[in-house]
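A.B. asks: First, the structure itself, so that you have it in front of you.
No lab work stands behind these numbers, since they all come straight from the coordinates. Owing to the predicted nature of the structure, the values given are computational and were not obtained by experimental measurement. All Cβ positions, even for glycine, are placed from backbone atoms using ideal geometry, and neighbour counts span all protein chains on display.
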């Protein structure tokens, strides 16, 4: 019999809900079958902990005396450039933002880059951060300079707002050239020296709901240690990506945009990250509960690493030129074994995504639901799906006259 989110929430309130993580549901379905498992299990929790570049936070610093208008001026936090083009006192900190003296001017080797992701981590850690601002001054906002320390506890608002997170799947990055290259997928050694991937596989949220039957706009999630919500499909959402017969996409496919109160989050789950030769980013912890409303959803959550395939791409030539070539497909069981074979060569693998942390997130979320501290939400709208006609469009370059 089908269930509803309302019915599951009633079980949560009564302490009767049955919750397992996306690893545990696999054994349950193997032993009891999909039908019985779907009747017994109410919620499956998922998790991912990975670098997510299109992340950031907005803060409101409050008004100074005399007043200063940030909009139209320039500002840095801990010497990292931040965006001020909103109004008088609002700032957006992009995870990939850099200091002016950073690798944009001195790109290689860039062993460590302190950037926007680190500012966000330090902010949520409760550290004092140095804010410097220059404004042009107006009659109502006469002040032209500000040099002060800020702390999250003193801010009016501090909100994590990420434009593109939790990619449904992602390609495997390799390097066929004869030199080391530095990418957002990490350091790629020459001549197929290594292969990097960046998805939690069978624990990953959108791989457990591949057609977005339960995950949508308004879904409440674990975000950065606190709670958040899916606000929209993420940028570069591409649900029309090619899929296997089990409906699992073989490339990035869906992404989500998320929001949550930064003041309730933890630096354990928001980590500033430096990518050698590339720049800064933010490693984000996300967990999404999947209500087991019927057998179909239960079957999807029982997906195994060996059933999830992704595409191998050469980042030295094909990827930067946006050529849709590949070096084949590989499943996550093979990737997690530590080595795969490409072009008859044994290649060591490495993950930028922590499976251990993803599992920890799924268990934290499981405990919150079991303890009655986390109720599920009914999405107010669905994410664009494979048959929605929504497709990722590349940049159409046109001559500037």
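A.B. asks: Report, to one decimal in Å, the Kirkwood hydrodynamic radius for the stretch 12-73 based on all distinct Cα pairs. Present the calculation step by step, with values, prior to reporting the outcome.
C.D. replies: Numbers: mean 1/r = 0.0603 Å⁻¹.
Computed over the stretch 12-73, the radius equals 16.6 Å.
A.B. asks: Quickly rank 68-78, 23-33 as a protection proxy: mean count of other C-beta atoms within 10 Å, highest first. Can you show the working numbers first?
C.D. replies: Numbers: 68-78: 19.0, 23-33: 16.9.
Ranking the peptides 68-78, 23-33 by packing returns 68-78, 23-33.
A.B. asks: What is the distance in Å between the Cα centroid of the stretch 324-380 and that of the stretch 174-223?
C.D. replies: With the stretch 324-380 and the stretch 174-223 each reduced to a Cα centre, they are spaced 8 Å.
A.B. asks: Express in % the proportion of alpha carbon pairs of the stretch 129-192 at distances exceeding 15 Å.
C.D. replies: In whole percent, the long-distance tail amounts to 75.
A.B. asks: Between the stretch 245-291 and the stretch 37-93, what is the separation of their alpha carbon centroids in Å?
C.D. replies: 14 Å
A.B. asks: While we're looking at this one, here's another question. State log₁₀ I(q)/I(0) for the chain at q = 0.09, 0.13 Å⁻¹ as given by the Debye formula over alpha-carbon point scatterers of equal weight, solvent excluded.
C.D. replies: -0.58, -1.12
A.B. asks: Something else about it: Quick one: work out the % antiparallel among DSSP beta bridges in the chain, nearest 5.
C.D. replies: That works out to approximately 85 percent antiparallel.
A.B. asks: Where does each of 128-141, 183-196 land if you order them by average Cβ count within 10 Å, highest first?
C.D. replies: Top of the packing list down: 183-196, 128-141.
A.B. asks: Sticking with this one: Report, to the nearest 10°, how far helix 355-370 tilts away from the longest principal axis of the Cα atoms in the chain, using its own Cα long axis and a range of 0 to 90°.
C.D. replies: Rounded to the nearest ten degrees, it is 80.
A.B. asks: Related question: Please state the equivalent ellipsoid semi-axes for the stretch 56-160: what are the square roots of 5 times the Cα gyration tensor eigenvalues, largest first, in whole Å? Walk me through the intermediate numbers first.
C.D. replies: On the way: eigenvalues 116, 52, 22 Å².
So the three semi-axes of the stretch 56-160 are 24, 16, 11 Å.
A.B. asks: Could you work out the helix-only [θ] at 222 nm for the chain, with each DSSP H run of four or more residues adding -39,500 (n - 2.57) and the total divided by the number of residues, to the nearest 500 deg cm²/dmol? Mind showing how you got there, number by number?
C.D. replies: Numbers: 6 runs with 64 residues, N = 401.
Value at 222 nm, helices only: -5000 deg cm²/dmol.
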